[in-house]
Amino acid sequence: MSRIGKAPIAIPSGVTVTVSDKNLVTVKGPKGELTQQVDRDITVSQEEGNIVVSRSTEQKKHKALHGLYRALLNNMVVGVTEGYKTTQELVGVGYRAANNGNTLELTLGFSHQIVFVLPEEIKVTTTADKGKNPTITLESIDKQLIGQVAAKIRSFRKPEPYKGKGIKFAGEVLRRKAGKSAKK
């Protein structure tokens, strides 16, 4: 049996979980509401304040879906109670970030500014302290969406391996290369 799939998900106080007859799971909490359509071969039930995910057969496909849907439902419960936060740094001379509502304006050394409109579910804040790299902070209740948006922002200027210039996640360790060695 799937080790992740068989672990029950504890429902914290203030969170309500409803499972419709078409396997549509809705999780409501203090920070918002999320829904997830679950495969028809996976059953989701509530037992004694826990969400229990089970599968119908021992097929390889069902074993994979068992752990997947348990992890997705757990991410939903964590999202509506605590939320998710991602921080990115802009490393490079002249690299800047500014936000106007849910519009992110990036200056990344190109001949033009990059204007990126974020989904409504994501809150963005930018900081530019003197002597430190500018940072972009994303907050949301949806873990999948925040990860996808953070990856898209990073794709505008990935960190290069020689000087490390680009957009990187906070705390990320970049693999650096040695430059050319001078001949004598």
Total charge dipole magnitude, the chain, about the Cα centre, Cβ charges on Lys, Arg, Asp, Glu only, Debye to nearest 20
1580 debye
Mind giving me the FRET efficiency for Val93 and Glu120? R0 is 25 Å, r the Cβ-Cβ distance, nearest 0.05 is fine.
0.15
Quote the charge dipole size of segment 84-184 about the Cα centre in Debye, to the nearest 20; the model charges only the Cβ of Lys and Arg (+1) and of Asp and Glu (-1).
1020 debye
Virtual spin-label span in nm between Ala170 and Arg3, 7 Å along Cα→Cβ:
3.1 nm
Among Val124, Ser54, Ile141 the positive-end extreme of the charge dipole of the chain (Cβ point charges):
Val124
Pulled fully out, how much extra length does the chain show between Lys177 and Glu139, if you take 0.36 nm times their separation in residues and subtract their Cα-Cα distance?
10.4 nm
Note down the magnitude of the dipole of segment 54-130 about its Cα centre, charges +1 on Lys and Arg C-beta and -1 on Asp and Glu C-beta and zero elsewhere, to the nearest 20 debye.
460 debye
Of 79-91, 168-180, ordering from highest average Cβ density within 10 Å down gives 79-91, 168-180
Any chance you could look up the accessible area of Val19 with a 1.4 Å probe, heavy atoms only, rounded to 10 Å²?
60 Å²
If you take percent of Cα pairs over 31 Å apart from the coordinates, which of [x] 37; [y] 7; [z] 10 do you get?
[x]
List every residue whose amide H lies under 5 Å from the amide H of Arg157, counting only residues 5 or more places away in sequence or on a different chain, with H placed 1.01 Å from N in the peptide plane.
Ile167
Separation of segment 28-59 and segment 124-184 by C-alpha centroid, Å?
35 Å
Gained length - Asn100 relative to Gln113, 0.36 nm times residue gap less alpha-carbon distance
3.3 nm
Going down the table (Lys31/Lys63; Lys123/Lys143; Lys123/Lys165; Lys132/Lys158; Lys85/Lys152), which pairs top 21 Å between alpha carbons?
Lys31/Lys63; Lys123/Lys165
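The values are calculated or read from the model by the stated rules, or taken from the named source; none is laboratory data. On a predicted model such as this, the values are computed, not experimentally measured, just so you know. Neighbour counts run over all protein chains shown; Cβ positions are idealised from the backbone, glycine included. Note: accessible area is taken over every heavy atom of the protein model, side chains too, but ligands, DNA and RNA are not part of it. Shrake-Rupley method; radii C 1.70, N 1.55, O 1.52, S 1.80 Å.
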